[in-house]
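J.: Sending over a structure as structure tokens; questions will come in a sec.
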Amino acid sequence: MAILASVPLLLHTLLLLPPSFKFLLDPPPSPPAVRPLVRSYAFLLLSTHLACLVLTFSLRPGSVILARLAIALAVYHFGPIGRAWGRLKNGELTGEMGGPGVDQKSV
């Protein structure tokens, strides 16, 4: 049963690792002053997902460290949730509510 506790973290990491590489190697068009910030964010995403992958395989399932990592990563999601909530509240329903296209528009 403890092995199942690592599955969501592993699945999340495996799903978001390719977009992290794409964001790093092919960033969205942006003004020159913003490019270092976008590149830094791309490295942050990539390093976070690589750390999750390493920790998922190196720690025993259900460990306190993995639980704390999951909580810390969950806090990150408050940003996109808040942005989506604001869009819904302001009536900005364009039919495009998620995915890389929406995320890159906010950069």
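Listed here are the residues, each with its yes/no results for (1) closer than 23 Å to His77 by Cα; (2) in contact with a Lys or Arg (Cβ under 7 Å, 6 or more places away or on another chain); (3) not hydroxyl-bearing (Ser, Thr, Tyr).
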position: Pro18; (1), (2), (3): yes, no, yes
position: Pro31; (1), (2), (3): no, no, yes
position: Ser40; (1), (2), (3): yes, no, no
position: Ala51; (1), (2), (3): yes, no, yes
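J.: Would you say Leu4 is aliphatic (A, V, I, L, M) and at pLDDT 80 or above?
T.: No; evaluated as a whole, the condition is false for this residue.
J.: I've got another one for you. Return yes when Ser30 is without any contact (Cβ under 8 Å) to a residue 24 or more places away in the chain and hydroxyl-bearing (Ser, Thr, Tyr) and no when it is not.
T.: no
J.: Select the helices (runs of 4 or more DSSP H) contained entirely in region 1-86, then report the ones holding at least 2 residues which are touching a Pro at 6+ places or on another chain (Cβ under 6 Å).
T.: Hits in region 1-86: 2-25.
J.: Another question, if that's okay. Could you list, in sequence order, the residues of region 79-102 that are modelled with pLDDT of 80 or more and β-branched (Val, Ile, Thr)?
T.: Across region 79-102, the qualifying residue is only Ile81.
J.: If you don't mind, another one. Can you pull out the residues in region 11-43 that are exposed (fewer than 14 other Cβ atoms within 10 Å of the Cβ) and within 19 Å of Gly62 (Cβ to Cβ)?
T.: Of everything in region 11-43, just one residue is exposed (fewer than 14 other Cβ atoms within 10 Å of the Cβ) and within 19 Å of Gly62 (Cβ to Cβ), namely Leu11.
J.: Same structure, new question: Testing Lys22 on (1) without any contact (Cβ under 8 Å) to a residue 60 or more places away in the chain; (2) touching a helix residue (DSSP H, G or I) at 6+ places or on another chain (Cβ under 8 Å), one condition comes back false. Which one is that?
T.: The number of the failed condition is (1).
J.: Residues of region 11-40 being hydroxyl-bearing (Ser, Thr, Tyr) and in contact with a Ser or Thr (Cβ under 9 Å, 6 or more places away or on another chain), which ones?
T.: If the condition is that a residue be hydroxyl-bearing (Ser, Thr, Tyr) and in contact with a Ser or Thr (Cβ under 9 Å, 6 or more places away or on another chain), then Thr13, Ser20 are the ones that fit.
The values are calculated or read from the model by the stated rules, or taken from the named source; none is laboratory data. Because the structure is predicted, anything quoted here is derived from the model rather than measured. Glycine gets a Cβ as well: all are built from the backbone with ideal geometry, and neighbour counts include every protein chain shown.
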